[in-house]
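Peer 1: This is the structure I want to talk about, given as C-alpha cells.
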C-alpha cells in the first residue's frame, strides 16, 4: 500500500511539474501580495524565561500577551530544553484537563478569510492521545472552532514530532479572541504541548500556511491528497482523483487576493 501511495504521489507530482514548469525548481514562488495580518504577542512562549537550568517550569506565573483563564500554576507548564520546541526555545504544556488560555487580536479586515495555525505534540513521557480545542470568538458568539489530537504514542524525547493544525474563519469583527482549551480527560501531570501560534490570511492553495505559494505547497497538497484529507478535495465530491489535482493547479496559478 505504501509503495502504491508513493507511486501515486510521485506520478501526481510529475504531472503537476509538467503542467506548471515553474514548480519544477524548489524556491520559485508567487507571493500572496497581502497587507499586514494581526499577529500574536509571545507566539512561541519565549517569555518568561524558564528559570534555573532552563529545562522546565512547573509553576509559571504568567505568559505575557496571553490571558490564562484557569489557575496558571496548576494547569500549565513552561518547557525549555526538556525536548525540542517547534519554534525557538520554549513552549507550553496543558497540564490539566480544562486548562485554558486566550489572546485578543485586533486589525482584522471584516469578511476576509484567515487561519489561526499552531503546532501540537504530546508529552512523550506518557503514551497518550490528548486533545486541544481552538475557538475563534467575536463579541457575540463563536465564529469558528476545531478540536485536534496531540498524540505522544511512539514518541520519545529525542524523536518528538510536532504537527501543525489550523482553524479557518472569516473575520466578523475587527477584534477577535483566539482561545485554546485542553479537552481530553486522560489525567494531570502530562498533557498536550503547544508552540508557534500564528495568524495567516487563508488561501486554498497555501497548504503550508506561510502566505507564500511555492513547491512546498505542492508537496503538502500531495500528502493531503494521498491521505484523503478533505482539504485536498477541490471538487467537493468526496472523491480524490485527477480533477482535484486540476482544481489545485487552477487555484495555485490564480494566486490569492
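Peer 1: Residue by residue through segment 116-126, note down the ones that are buried (at least 21 other Cβ atoms within 10 Å of the Cβ) and within 21 Å of residue 257 (Cα to Cα).
Peer 2: Of everything in segment 116-126, just one residue is buried (at least 21 other Cβ atoms within 10 Å of the Cβ) and within 21 Å of residue 257 (Cα to Cα), namely 116.
Peer 1: Now a separate question. Residue under question is residue 234, and the condition is that it be surrounded by 21 or more Cβ atoms within 10 Å (Cβ to Cβ) and touching a helix residue (DSSP H, G or I) at 6+ places or on another chain (Cβ under 7 Å); does it hold?
Peer 2: no
Peer 1: Sticking with this structure for a sec: Residue check: is residue 160 touching a residue at least 24 places away in the same chain (Cβ under 8 Å), on the phi < 0 side of the Ramachandran plot, over 12 Å from the mean Cα position of the chain (by Cα) and surrounded by 14 or more Cβ atoms within 10 Å (Cβ to Cβ)?
Peer 2: So residue 160 fits the description; yes.
Peer 1: For residue 98, only one of the following conditions fails: (1) buried (at least 22 other Cβ atoms within 10 Å of the Cβ); (2) farther than 15 Å from residue 44 by Cα. What is its number?
Peer 2: Result: residue 98 passes all but (1).
Peer 1: Go through segment 206-229 and give me each residue that's touching a helix residue (DSSP H, G or I) at 6+ places or on another chain (Cβ under 9 Å) and farther than 20 Å from residue 119 by Cα.
Peer 2: 213, 214, 215, 218, 222, 225, 226
Peer 1: Please indicate, with yes or no, whether at least one residue in segment 214-224 is under 23 Å from residue 129 (Cα atoms) and outside any loop (DSSP other than H, G, I, E, B).
Peer 2: Checked against the condition, which is being under 23 Å from residue 129 (Cα atoms) and outside any loop (DSSP other than H, G, I, E, B), segment 214-224 yields at least one hit.
Peer 1: Restricting attention to segment 185-198, does a residue exist that is buried (at least 20 other Cβ atoms within 10 Å of the Cβ) and either within 18 Å of residue 37 (Cα to Cα) or without any contact (Cβ under 8 Å) to a residue 60 or more places away in the chain (or both)?
Peer 2: Yes.
Peer 1: Quick one: which of 251, 208 is touching a residue at least 12 places away in the same chain (Cβ under 8 Å) and closer than 21 Å to residue 162 by Cα?
Peer 2: None of the other options fit; the residue is 208.
Peer 1: For residue 111, all conditions in the list (1) more than 30 Å from residue 250 (Cα to Cα); (2) assigned by TED's automatic domain parsing to the domain that holds residue 182; (3) modelled with pLDDT of 95 or more hold save one; what is the number of the exception?
Peer 2: (1) is the only condition that residue 111 fails.
The values are calculated or read from the model by the stated rules, or taken from the named source; none is laboratory data. Just so you know, these numbers come straight off a predicted model, no measurement behind them. In this analysis, Cβ positions are derived from the backbone assuming ideal geometry, glycine residues included, and neighbour counts consider all displayed protein chains.
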